[in-house]
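Q: First the structure, which I've put down as C-alpha cells, then a few questions once you've had a look.
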Amino acid sequence: MDKTCFLSLLAVFLVQCYITCSGSAPMNVSNYTTDQSALLAFKAHITFDPHDILANNWSITTSICHWIGVSCSEQPRRVTALSLPNLGLEGTLPPHIGNLSFLVEFNISNNSFHGHLPNELAQLHHLKLMDLSFNDFNGVIPSWFGILTEIRYLRLANNSFTGFIPLSLCNMSRLESLDLGYNFLQGNIPEEIGNLRKLKLLNMGFNKLSGPIPSTIFNVSSLQFIRFSSNNLTGSLPDDLCYRLPKLEFLRLSWNELYGQIPLTLGDCKQLQILSLSFNKFTGSIPRGIGNLTMLKELYIGYNNLEGELPLEMGKLRSLEIFASQNASLKGLIPSTVFNISSLRWIHIHNNNLSGSLPLSMRYNLPMLEELYLYNNKLMGSIPKEFGNITSLKILSIAQNKLTGRYHSIYLIL
C-alpha cells in the first residue's frame, strides 16, 4: 500500500476508535430498537417536511420496516436502506444515524439538509451507496470516509463543502462513482485518486481546484466519465490518453487553463460520446482522427487558440448533434460533409476565419437543425433561400460575412 494511503488510513482508524469510545450515541447495541431510536432521532432533526411524510407515516405504532423510505433485511430484522430523495426535507443529520449498523444504502439527495456530517457516520461499515447530493452540507469532507471501504457510490455533489480533497479517499478501493462536483473544494487533485482502480465516474467539476490533472488518473482504465470543468486546472493532456482510457464515454474539461495540443490519438477513444475542451488554451490543429469518433454526440472545442482548418474527416461524425467551435482561430473552407450530418441540431462556428459558401442542400441534409451560428467569418455567396424551409431552425446568425440575398421565416440574429 502507498505510504501516504497507509498514513491516512491510520489517521481515520484513530478517529474511528475515538468515536467508538466516546461518541454521544451508543454503538454496540445491535437490535431493532436501536434502529428505531436512530430513525426517530433523524425525524426529530427534520425542521421542515412539506408533504408531512415523516410526520404522518413514521409512527411507532407501525414497524419501521413499513415506514416510507426504509427497507429492512429479513434475518436479522435490521434497517438496510434509508432512501428519502426529492422530498424537500430540511434539517440536520443527528449522530444517531451511525447506529444503523446494517445500513447499505443512504440516499437523501435533492433535499435541504445542512450542517456538517457527523463523525458517527464512520460506523456505517456495510454502506455501499451514500448519496447526499443536492443539499447544503458544509465544512470539509471528513477523512473518515477512508474507513468506509465497502462504498461503491459516493455522491457529495451540489453542496457547500470546502477545504481539500482528503487523501483518505484513496482507501475506498471499491469505489465506482465519486461525485464531488459543484462545491467549493480547493487545492490540487490528489494523485492517490489514481489508486481507485474500479472507478467508472469521476466528477470534480465546478470547484476551485488548481494544479495539473494527475497522470495517475489516466491509468484508471475503467473510467467512463471524467468531469473537471470550471476549475483552475493547468497542464496538458497525455498523447496516449485514449490508449489508457479505452472505455471513456464522457470527457468534460472546459473552463480551465489547460494547454498544449489536443491529443493526436483522440480518434482511438471509440466510445466517446461527449468531448468538451472549450475555454482553455489548447493550440495546434484539430486531429484528423476525430472522424473515428462515430459515437460522438457533442463536441465543444471553442474558445481555444487552435489553427488550421476543420478536417474533412468531421463529416464521418454521423451521430453528432452539437458542434461548437467558435472563437477558435480556425480558417479555410467549412467541409461540405459537415452539412451532411443529419443528426446535427446546433452548429456554432462563429468568430473564426472560415470561408467559402453555404450549400443549397442544407434543407434536406439537416432536418434537425435548430441553431446555426456563422457570424463574423469570411463566408461569401448567396444566402440559400432553402433556409426558410428548414422547419426546425430557430436561430440563424450570419452577420459580418460577405453573404448576399434574403432570408425567410427565420429568427435572424444580426
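The values are calculated or read from the model by the stated rules, or taken from the named source; none is laboratory data. Bear in mind the structure is a predicted one, so any value in this text is a computation, not a measurement. No Cβ is skipped: glycine too gets one built from the backbone with ideal geometry, and neighbour counts run over all protein chains shown.
Q: Of Tyr243, Tyr259, which residue is among the aromatic types (Phe, Trp, Tyr), more than 18 Å from the chain's Cα centre (by Cα) and within 24 Å of Asn207 (Cα to Cα)?
A: Working: Tyr243 fails: within 24 Å of Asn207 (Cα to Cα).
When all the criteria are applied, what remains is Tyr259.
Q: A follow-up question, please. For Leu237, work out the one condition from (1) touching a helix residue (DSSP H, G or I) at 6+ places or on another chain (Cβ under 7 Å); (2) part of a loop (DSSP other than H, G, I, E, B) it doesn't fulfil.
A: (1)
Q: Going residue by residue through the range 73-85, is there one that turns out to be surrounded by fewer than 16 Cβ atoms within 10 Å (Cβ to Cβ) and either on the phi > 0 side of the Ramachandran plot or modelled with pLDDT of 95 or more (or both)? Steps first, please.
A: Quick first cut of the range 73-85, residues surrounded by fewer than 16 Cβ atoms within 10 Å (Cβ to Cβ) only: 73-77, 83, 85.
From the residues that got through so far, the ones that are either on the phi > 0 side of the Ramachandran plot or modelled with pLDDT of 95 or more (or both) too are 83, 85.
The answer is yes; a qualifying residue exists.
Q: If you scan the range 30-62, which residues turn out to be touching a helix residue (DSSP H, G or I) at 6+ places or on another chain (Cβ under 9 Å) and exposed (fewer than 12 other Cβ atoms within 10 Å of the Cβ)?
A: Ala55, Ile60
Q: Of everything in the range 228-237 that's crowded, with 18+ Cβ neighbours inside 10 Å and not aromatic (Phe, Trp, Tyr), which residue is nearest to the chain's Cα centre (by Cα)?
A: The first filter runs over the range 228-237 and keeps only residues crowded, with 18+ Cβ neighbours inside 10 Å, leaving 228-231, 233, 237.
Of the ones still in play, those that are also not aromatic (Phe, Trp, Tyr) are 229-231, 233, 237.
Details: Ser229: 8, Ser230: 11, Asn231: 13, Leu233: 16, Leu237: 19 Å.
If we take residues in the range 228-237 being crowded, with 18+ Cβ neighbours inside 10 Å and not aromatic (Phe, Trp, Tyr), then Ser229 is nearest to the chain's Cα centre (by Cα).
Q: Scan the range 258-268 and give yes if some residue there is in a loop (DSSP other than H, G, I, E, B), of a type in the set (Val, Ile, Thr) and either in contact with an Asp or Glu (Cβ under 8 Å, 6 or more places away or on another chain) or touching a residue at least 24 places away in the same chain (Cβ under 8 Å) (or both), otherwise no. Explain how you work it out, then say what you get.
A: Going residue by residue through the range 258-268, those that are in a loop (DSSP other than H, G, I, E, B) are 258, 262-263.
Imposing the further condition that a residue be of a type in the set (Val, Ile, Thr) reduces the set to 262.
From the residues that got through so far, the ones that are either in contact with an Asp or Glu (Cβ under 8 Å, 6 or more places away or on another chain) or touching a residue at least 24 places away in the same chain (Cβ under 8 Å) (or both) too are 262.
Yes, that holds for at least one residue.
Q: Please find, within the range 361-414, the residue that is modelled with the highest pLDDT out of those that are outside any loop (DSSP other than H, G, I, E, B), out of contact with any helix residue (DSSP H, G or I) (no Cβ under 9 Å at 6 or more places or on another chain) and polar (S, T, N, Q).
A: Ser397
Q: Identify the single condition in (1) of a type in the set (D, E, K, R); (2) under 20 Å from Leu223 (Cα atoms); (3) in contact with a strand residue (DSSP E or B) (Cβ under 8 Å, 6 or more places away or on another chain) that Lys247 does not satisfy, given that it satisfies every other one.
A: Evaluating Lys247 over (1) of a type in the set (D, E, K, R); (2) under 20 Å from Leu223 (Cα atoms); (3) in contact with a strand residue (DSSP E or B) (Cβ under 8 Å, 6 or more places away or on another chain) leaves (3) as the failure.
Q: Looking at (1) under 29 Å from Thr391 (Cα atoms); (2) at pLDDT 95 or above; (3) aromatic (Phe, Trp, Tyr), which is the one condition that is false for Phe279?
A: (1)
Q: Here's something else I'd like to know. What residue, of Lys281, Lys316, is surrounded by 16 or more Cβ atoms within 10 Å (Cβ to Cβ), basic (Lys, Arg) and over 22 Å from Ser392 (Cα atoms)?
A: Numbers: Lys281 fails: surrounded by 16 or more Cβ atoms within 10 Å (Cβ to Cβ).
After applying the criteria, what remains is Lys316.
Q: I've got another one for you. Quick one: what pairs do we get from the range 179-203, first residue of a type in the set (A, V, I, L, M), second part of a strand (DSSP E or B) and surrounded by 21 or more Cβ atoms within 10 Å (Cβ to Cβ), C-beta under 6 Å, 6+ apart or different chains?
A: Between residues of the range 179-203 that are of a type in the set (A, V, I, L, M) and residues that are part of a strand (DSSP E or B) and surrounded by 21 or more Cβ atoms within 10 Å (Cβ to Cβ), the close pairs are Ile189/Leu209; Leu202/Leu178; Leu202/Ile226.
Q: Being more than 17 Å from Ser278 (Cα to Cα), aliphatic (A, V, I, L, M) and part of a strand (DSSP E or B) is the requirement here; does Leu199 meet it? Give the steps one after another, and end with the answer.
A: On the way: more than 17 Å from Ser278 (Cα to Cα): yes; aliphatic (A, V, I, L, M): yes; part of a strand (DSSP E or B): no.
No: the conditions fail for Leu199.
Q: Tell me, which residue of the range 337-352 that is out of contact with any Gly (no Cβ under 8 Å at 6 or more places or on another chain) and outside any loop (DSSP other than H, G, I, E, B) is farthest from Gly302 (Cα to Cα)?
A: Among them, the one singled out is Phe339.
Q: Is there a residue in the range 154-161 that is of a type in the set (Ser, Thr, Tyr) and more than 19 Å from the chain's Cα centre (by Cα)?
A: Looking only at the range 154-161, we keep the residues that are of a type in the set (Ser, Thr, Tyr), and these are 160.
Checking the rest, the ones that are also more than 19 Å from the chain's Cα centre (by Cα) come to none.
Checked the range 154-161: no residue is of a type in the set (Ser, Thr, Tyr) and more than 19 Å from the chain's Cα centre (by Cα).
Q: Would you be able to tell me the number of residues in the range 255-272 that are within 22 Å of Asn292 (Cα to Cα) and surrounded by 18 or more Cβ atoms within 10 Å (Cβ to Cβ)?
A: Initial filter on the range 255-272 (within 22 Å of Asn292 (Cα to Cα)): 260-272.
Subset that is surrounded by 18 or more Cβ atoms within 10 Å (Cβ to Cβ): 262-263, 266-269, 272.
Total satisfying the criteria: 7.
Q: Here is a follow-up. Checking Leu299 against (1) at pLDDT below 95; (2) over 18 Å from Ile398 (Cα atoms), only one condition comes out false. Which one?
A: Every listed condition holds for Leu299 apart from (1).
Q: Taking the range 202-216 as the region of interest, how many residues are surrounded by 21 or more Cβ atoms within 10 Å (Cβ to Cβ) and not in a strand (DSSP E or B)?
A: Residues in the range 202-216 being surrounded by 21 or more Cβ atoms within 10 Å (Cβ to Cβ) and not in a strand (DSSP E or B): 4 in total.
Q: If you check Ser319, Ser357, which single one turns out to be polar (S, T, N, Q) and at pLDDT 95 or above?
A: Details: Ser357 fails: at pLDDT 95 or above.
Checking each option against the conditions leaves just Ser319.
Q: Right, here's the next one. I need the full set of residues from the range 337-370 which are buried (at least 16 other Cβ atoms within 10 Å of the Cβ), of a type in the set (Ser, Thr, Tyr) and over 25 Å from Phe279 (Cα atoms), in order please.
A: Thr337, Ser357
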